[in-house]
Structures are given as C-alpha cells and as structure tokens.
Amino acid sequence: MAIAQSSKARTPQRGPRSKGSGIGERALAKIFLTPSFTFMAVIALFPVIYAVWMSMYQITGFRQEFTGFGNYSQLLSDGGFYNAIRNTFVFTTVSVAFEFVIGLMFALIMNQAFRGQGITRAIILVPWVIPTAVAAQVWRYMFSDNPGFVNGLLGTSINWLNDPTWSMVGIITADVWKTAPFVALLLLAGLQTIPREYYEAAEVDGAGAWRRFWSITLPLLRPAIIVALLFRTVDALRMFDFAYVFAGYSNSLATLSVYTQRYLYAEPELGYANALSTATFIIVMIVGIFFIRLMGQQTVGSEKGKKK
Amino acid sequence: MNTATDPSTRKTSGAGQEPPRSSNTPYWLSNTLRLLGMVVVIVWCLFPFVWMFMTSLRSGAIALTNPNIFVGPFSLDNFIQIFELDFQFALRNSLVVAGLATLICIPVASLAAYAIARLPLKGRAVILTLALVATMFPPVALVPPLYQMYQQIQTWTGISLLNSYSGMVIPYVALTLPLSIFILVTFFSGIPRELEEQGKIDGATPWQIFLRIILPLAAPGVGTSAIIVFVYATNEFLLAFSFAPRDLNVQTVPVFIGTFQRVGYENPIGQVMAASVLVSVPLIIFALVLQRRITAGLTAGAVKG
C-alpha cells in the first residue's frame, strides 16, 4: 500500500532511461522478487550449505563428532558409492537416448497426422500424469515372473526382478515409457515452429525425405532438442522412484539418490548422508551447467532479445 | 504448384507438408502409415494403464497364475480391501499437500515472474539463468540436511515438521518455484505492452497495473503453472518418503503405493493396482480436460529456446 501511494506521488517521469517508469516500478520489482528469493535461499540454498557443514561430522543419534573430511575419504573408498554413480550414469545415458529417439519418432508421427491429433495430444499426457511411484509398481508387477505379463508377451522366461542387468533393463523400460511422450510433446512444439515453406522449397530443389530431415528438421529443431535433453538428463540423474520401488536399497539398482537416502533410516549415518547428498548435488549441477552452457546463447540470448 | 518440377510429389502435395515423407509413396499408403503411427503412440501410452485397470478387477489368485488380463473372475474386492487399509487417508493427504504447495507457490512465483518479465530490473538475464539452474536442483540434496534441520527445530521449539504436512509442503514450494517462475515469465512476456502503457497514461500505479490489467490477462498462464505444480506435488516420492514415511495421517499416495507391504501371505498385486487405479483415474481425467493448458506450460520453455 505504501509503495503504491509513494509512487503515485512521484508519477511524473523521472527515470532517465525508461519511458514511463519511476522509482515505484524499480522498488516494486525488488519487492516482488523478495518472497521467491527468500524462500529459495532458506529452503534450498541454506540446506545445501548446512549439508556441507554437517558432512564434516560423524553423527550418531544426537551425538555429533567433528571428523573433518573423514566422511569424504570414506566416500572415496566406498564401493557402494562408485556403484551408485555407475548405476546412475548407465540409467541416464541409456534411458535418455531411447527417450530421445522414441520421442522424436512420436513427434514426427503426430506432426504428420491430419486426423486424430487432438486426441493423441491428450492421451500422450497419460504417462506423464501417472505418479512415478505408481508407474513403478505397475511395471514391477508386469515384469515380475510370477504372473509374468512381460515374459508372456515376449515368450521369454527371464527373472527380470532378481537379475541386476535385467532389472536395470526393467527400470529403463519403465522410465522410457513414462517420459518418451513428454519428450515428444517438447519436440512437437519445436516442429510446429518450422515454417512449411522450407520443406516446399527443399522439395522443389529435389531433396528427398531423408535429406530434408537431416538438413531442415534436425538443425531447426536443435533448440527444442537441447531443452528436452537438458530436462531429461537432469531428471534421470536424480531418479529415485523406479530404482527404489523395483529393488529397495539393493545395490543392483541403487542410484545416487537411493544410496544417499539409505543412510537416513536404513543405516542411520547422517554425517555420511550429508556427504553423499553434497556429492550428488555437485555431480548433477556439473552436468546441468554443462547443458546450460551448451544452450547458452540460444535461450538466454533470445530471452534477452525478446525483452529488448 | 511449386512441385511442378517433380511430378511424383504432385499427388501428395495437398495433404501434409511435413518432414520425412517419401515423395513417391502412394496417397493411400502414406495415409495408412500415418494412421498406424498414431495407433502405435496411443497403444504405447495406454497399455500399462489398461493392464493396471484389468488387474485391479481380477480377484483371488488369478492375477498371479494367469498373465492374460482378460481372464476372470472379476470383482471389486480389491477396491473394498484397499479402503479397509485406509487408502482414503493417503488420497486426502496428497490432495492437501499438493493443494497447499500450489496455493503458496503460484502467488509467490507470479510476483517474481512479473518483475522479471516486465519491471525495470538489473541483471534480468542473470536472474533467469539462475532460475534455470535452480530447476536442476536434485531433491535428494535436501533430504539429509532438511531431515536434520527438522530434528533441530523440534528440539529447539517443539514444533515437529517430520511427519507433518508442512514438512513436505515447504520443500515442494521451494523446488517448484524455479520452474513456475520460468513458465510464468514466458506468459507475462506475451501480454501486449500497450495495455500497461495505457494504464500508465490513465494514472494507474504499478501495483494497480499488475493487479487490474496484467493478472486477469495472465490467468491462463497462472492456471497452467498451477496445474504443473500440483502434478509435481502429487507425484513426489523421495521427500514424502523421507519426511513422512509411515504415519497414515500424513502419508501421501506415492508413499502408500510405492512402499506397499504384503499383508498376510497373499501377494498384494490386486490391491496395489486398485489403489493405482483410484489415484490415476482422477489425474488422467484432470490431464485430459486441461490438456491444452498443460501442453502450453510444458512446452513454454522449449518453444522459447
């Protein structure tokens, strides 16, 4: 209220560079940003710093004992940690690769369709909206060899849930099922921004379908592809639900998130859990920032351009 | 008419001009292929749901002995049993937690997004990049420190955030803020500037412009990001499982279903699927009804890029 009045009093233009704004708008901008920044600083940034601090302690119950980098040296010689890194990266690379290829195929199919596009666009949201933990249970039961739905379908007799390799195939399948449609949606939006004239012109020049795909579709889709890969990669790196529902804390599927969470209740060792969460945070952020730099000029540049 | 140079393309030039379509495929064949493609997409999206639905109706041991989902006996027993296990509490808890997270996140995010999109602000690009970086925040990085902070707060003040709604709602808001801000910025940027200029000429204060002119116009965008926050919060498993693992008074649906233990000797497949159906059906209806808004929100970043 106070701001509104003070700015009213100063309505006459005084800002040297902006057209009709005065101190009111500048102050308002800061005030509008404050709640978001405070929230994220207290609930996201502070805990991360607190975790670094707490990772220097050995914590048992309410007793805290300073160990310096003890937890980190334990971490560096912990086979379970390396195993979690390996699981996380195998899961991420394979599932994102499949999600991208299948998502792109779906996007192209939907973009071609002249009929039924509306209904498909709606149905494609079904995997996205079903909670991951629920999807994980459904897939776990479909893979289980007792009723053996997947085995029945494929005519195989694989013990999907107890074999480490096959259960990894299982959670990758489940994740690809759930998120390939989401990738398709992102890529479809990108496809629809490509002007049709480009294809017509290429056709006049005698470019075949394959050539048009490589020379027009893929390059012009690049921004959408990078955004989709960014979201999917980061999301896959922090995956918890599928791995936990399929295998609990078992090392066969434990990702970094599962392995960290394990030291909360299953084997309460909070200092070590904090060291693990810090390590996970650093790993995910490094990969994410790599992607953001990749899209650097593209997104941020065009955002800036849009707002003059 | 620009296809005149290549006679083989003339036939199909009217239908669709999109990317990889072989120019010399006959019209009926390309049509059939397109239809087939759509069928593949639809089957892909729906078959696990169909499996879940049919399995939830199969009673007794049949779901365990016969993988064919169309073989009965069928009954509603699993649904009755899941309510005997108090699944309705989990549904209520998820609704409350997701609702509260949305109600807090969206107004806070709207203010920030408006400031970023429209108000004079130094370092706008930096703030937007920071928001993007923040969307990548791994939730597990919050689990051990928040767990400890919650314990600490309890010893200091006696307020227990573990096994409480707030213990989940607070981090959900923090985790969904960056993406909501990002989506809302693209919506606010789309509102024509002339309307604000007009408001300024009429002597409205910046706050009045925001409240009376911008907010009503941004309502669809605000609704869109509200839906996305809500779906995120109903989906979240890791934090809910870490901060409210067992207490039925606060346990959310993903935790209930994701950690479902067998009761007695029977494999709980039917009950798990019944619970899954009960939570999936409303969410799917929600998604189908609001499809346009959701797609707009999910793709806001991609198209901008």
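Annotations
- When the residues of the stretch A:76-123 are filtered to those that are in a loop (DSSP other than H, G, I, E, B) and surrounded by 15 or more Cβ atoms within 10 Å (Cβ to Cβ), the one that is farthest from the other protein chains (Cβ to nearest Cβ) is A:ASP78.
- Options B:ILE209, B:ILE159: the member that is open to solvent by 60 Å² or more (accessible area, probe 1.4 Å), assigned by TED's automatic domain parsing to the domain that holds B:ALA115 and over 30 Å from B:VAL289 (Cβ atoms): B:ILE159
- Restricting attention to the stretch A:274-308 and to residues that are among the small types (Gly, Ala, Ser) and modelled with pLDDT of 70 or more, the residue that is farthest from B:LYS122 (Cα to Cα) turns out to be A:ALA275.
- The sole residue among A:PHE246, A:PHE231, A:PHE242 that is in contact (Cβ under 8 Å) with a residue 40 or more places away in the chain and open to solvent by less than 10 Å² (accessible area, probe 1.4 Å) is A:PHE242.
- Residues that are touching a helix residue (DSSP H, G or I) at 6+ places or on another chain (Cβ under 8 Å), within 11 Å of another protein chain (Cβ to nearest Cβ) and in a helix (DSSP H, G or I) within the stretch B:49-80 comprise B:PHE49, B:TRP51, B:MET52, B:PHE53, B:THR55, B:SER56, B:ALA63, B:LEU64, listed in sequence order.
- Condition met for B:SER160 (without any contact (Cβ under 8 Å) to a residue 24 or more places away in the chain, closer than 17 Å to B:ALA244 by Cα and within 25 Å of the chain's Cα centre (by Cα)): no
- Against the numbered list (1) of a type in the set (A, V, I, L, M); (2) within 30 Å of B:ASP77 (Cβ to Cβ); (3) crowded, with 24+ Cβ neighbours inside 10 Å, B:VAL229 comes up short only at (2).
- Entry remark, the stretch B:109-131: residues being among the aliphatic types (A, V, I, L, M), more than 7 Å from chain A (Cβ to nearest Cβ) and surrounded by fewer than 18 Cβ atoms within 10 Å (Cβ to Cβ) number 2 in total.
- Within the stretch A:24-35, residues that are more than 7 Å from chain B (Cβ to nearest Cβ) have Cβ atoms under 9 Å from residues that are among the aliphatic types (A, V, I, L, M) and part of a helix (DSSP H, G or I) in these pairs: A:ALA27/A:ILE3; A:LYS30/B:ALA115; A:ILE31/A:ILE3; A:ILE31/B:LEU111; A:ILE31/B:ALA115; A:THR34/B:LEU111; A:THR34/B:ALA112, counting only partners at least 6 apart in sequence or on another chain.
- Qualifying residues in the stretch A:36-68 (those that are modelled with pLDDT of 90 or more and part of a loop (DSSP other than H, G, I, E, B)) - the one nearest to the other protein chains (Cβ to nearest Cβ): A:SER55
- Where a residue in the stretch A:205-225 is closer than 14 Å to A:PRO195 by Cα and within 9 Å of chain B (Cβ to nearest Cβ) and its partner, wherever it lies, is in a helix (DSSP H, G or I) and not acidic (Asp, Glu), with Cβ under 7 Å and at least six apart: A:ARG212/A:TYR199; A:ARG212/A:ALA202; A:ILE216/A:TYR198; A:ILE216/A:TYR199; A:ILE216/A:ALA202
The values are calculated or read from the model by the stated rules, or taken from the named source; none is laboratory data. Being a predicted model, the structure only gives us computed values, none of them experimental. Positions of Cβ are generated from backbone atoms using ideal geometry, with glycine treated the same way; all protein chains shown enter the neighbour counts. These area figures cover heavy atoms from the full protein model, side chains too; ligands, DNA and RNA do not enter into them. Shrake-Rupley method; radii C 1.70, N 1.55, O 1.52, S 1.80 Å.
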